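The values are calculated or read from the model by the stated rules, or taken from the named source; none is laboratory data. In this text, all values refer to a predicted model and were calculated from it rather than measured experimentally. Using ideal geometry, Cβ is built from the backbone for each residue, glycine included, and neighbour counts are taken over all protein chains shown.
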Amino acid sequence: MSPSLPRSLLVVGSGGREHVLVRSLLASPARPRVICAPGNAGIAGEVPCFPVPADNIAGLVALAQSERVDFVIVGPEVPLSLGLVDELSRLGIPAYGPKADGARLEASKIFTKQILLKYGIPTAAAGIFSEVAPALAYLRARSAPIVVKADGLAAGKGVVVAQTLAEAEEAVRAMIEGGRFGASGRQILIEDCLFGDETSILVVVSGRDYVILPTSQDHKRIGDGDTGPNTGGMGTYSPAPVVTPELLDLIEHEIVRPSVEAIATEGIDFRGTLFVGIMLTPAGPSVIEYNARFGDPETQVVLPRLETDLLALLWAAATGTLAGFALKVRPEHSLCVVIAARGYPDAFPKGDPIKIPASLPPGVTVYHAGTAHDAEGRTVTAGGRVLGVTAIAPSLREAADRAYAACDQIGCASKYFRRDIGARQLDRP
Ligand code: AMP
Ligand code: GLY
């Protein structure tokens, strides 16, 4: 244990990602004090939570000061793009997560596409438009399926994978003219459709240094068999065997290293998680997106597999001492099933009581996401994605069996979850 590790931490956010961050940081041999804002019912059971929303930058800064925090770990993208880390750094409070310039890699798909193209990093061909007529002309010169994306943050809903040109035209009009995504939709990207398995590579970055975290695979659609609308993520597992060591090597050389170099060359001092969304196409891996934060629910399966002290890793990234950092990973498999409120990602009920049995199958941890305490102190649903039921086991099959056994034991009238998390991998020869 390094005597120079921080002693008092603030974790910002309220999802399953923040719950696993809190857990992993509490497990540090440095035994830090951890607080969270705003947190959720599960996090509040472990550390003090303060009711400051993640988009209240002044409130979070004031909290960090009044609680004499010496390290802030930022979970979600919104405070990053609103400049929380810029403010903290002005006050000399170290933080994990990029400043607003780095968060733009997630907040603007056009900014990212321009960097990818400028540095020759593999990505789908695309056109950038702010007016309908040239966008439609471009569409007509391509073929369906084709992808239409709003430029800005749209909580995962700003992407339409159009199966027909008519559908693409409708998306173009809705985004540019209809104000469907507000200011974030006025500029759009029209991008060729990529085919293949999708994987997320999480990279802890500090300037030109980086550490690649264990691989994982998300399930973004709401329904079994990858059907229905996109969500924030319905389940994950790690490792993702589809990313073989050879493929990871290729991804590092063609995508990760050039991305880290490109970002630094653009003058961005990125200290945080670069989440690279990749499509494994027959022609090779291709970047779909960058996010500037840990994935949710990727983090729920990746962090439990780290033997390395997470606090030491994040602190090294934040303080520019990441070079040569060696990561230790447990060989076990982990799998997370997201329990959502029925109706998500559209309208869903809130306030539904949740009963989690005291005794769960071995290796199972239930991370809270959209949960709260009601007036009677009961734990109730308070968001679309409610829980992340995560199991760690010697094999993916056992991890899936344990996680699903726990899902069936959890009581909640509106619970909904996919039955096939990991199934494609388990069925793969
Ligand atoms: P994004 O918000 O950029 O992560 O996009 C959401 C989802 O849309 C991705 O996870 C993919 O499943 C899909 N998607 C985005 N871009 C493409 C593309 N060029 N080709 C095929 N699918 C895509
Ligand atoms: N699970 C996808 C994301 O965090 O964006």
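As a summary of the residue check, Asp296 satisfies the conditions (1) over 10 Å from Ser200 (Cα atoms); (2) out of contact with any Lys or Arg (no Cβ under 6 Å at 6 or more places or on another chain) except for the one numbered (2).
Taken together, the criteria exclude Ala312 from residues that are outside any loop (DSSP other than H, G, I, E, B) and touching a Leu at 6+ places or on another chain (Cβ under 6 Å).
With the requirement that a residue be among the charged types (D, E, K, R) and assigned to a strand (DSSP E or B), what does the range 344-369 give you?
Lys355
Could you check the range 45-54 and list, in sequence order, the residues that are more than 19 Å from Thr390 (Cβ to Cβ) and surrounded by fewer than 23 Cβ atoms within 10 Å (Cβ to Cβ)?
Scanning the range 45-54 gives Pro48, Cys49, Phe50, Pro51, Val52, Pro53.
Arg68 falls short on exactly one of the conditions (1) touching a residue at least 40 places away in the same chain (Cβ under 8 Å); (2) over 23 Å from the mean Cα position of the chain (by Cα); (3) part of a helix (DSSP H, G or I), and that condition is (3).
Could you please find all residues in the range 370-385 being in a loop (DSSP other than H, G, I, E, B) and closer than 21 Å to Pro345 by Cα? If the condition is that a residue be in a loop (DSSP other than H, G, I, E, B) and closer than 21 Å to Pro345 by Cα, then Gly370, Ala382, Gly383, Gly384 are the ones that fit. Leu82 fulfils the conditions (1) touching a residue at least 40 places away in the same chain (Cβ under 8 Å); (2) within 20 Å of the chain's Cα centre (by Cα) except for a single criterion, (1).
Close Cβ contacts (under 6 Å, 6 or more residues apart or on different chains) running from residues in the range 188-216 that are touching a residue at least 40 places away in the same chain (Cβ under 8 Å) and farther than 18 Å from Ile268 by Cα to residues that are of a type in the set (Val, Ile, Thr) and in a loop (DSSP other than H, G, I, E, B) comprise Asp197/Val242; Thr199/Val243.
When you scan the range 386-426, how many residues do you find that are among the β-branched types (Val, Ile, Thr) and assigned to a loop (DSSP other than H, G, I, E, B)? Full working, then the answer.
Quick first cut of the range 386-426, residues among the β-branched types (Val, Ile, Thr) only: 386, 389-390, 392, 410, 421.
Now drop any that are not assigned to a loop (DSSP other than H, G, I, E, B), which leaves 410, 421.
Residues that pass the stated criteria total 2.
For the range 3-24, the set of residues classified as over 18 Å from Val338 (Cα atoms) and buried (at least 24 other Cβ atoms within 10 Å of the Cβ) consists of Leu9, Leu10, Val11, Val12, Val22, listed by residue number. Taking the stated definitions as given, is Leu82 of a type outside the set (S, T, N, Q), modelled with pLDDT under 95, buried (at least 16 other Cβ atoms within 10 Å of the Cβ) and out of contact with any strand residue (DSSP E or B) (no Cβ under 7 Å at 6 or more places or on another chain)? Criteria not met by Leu82.
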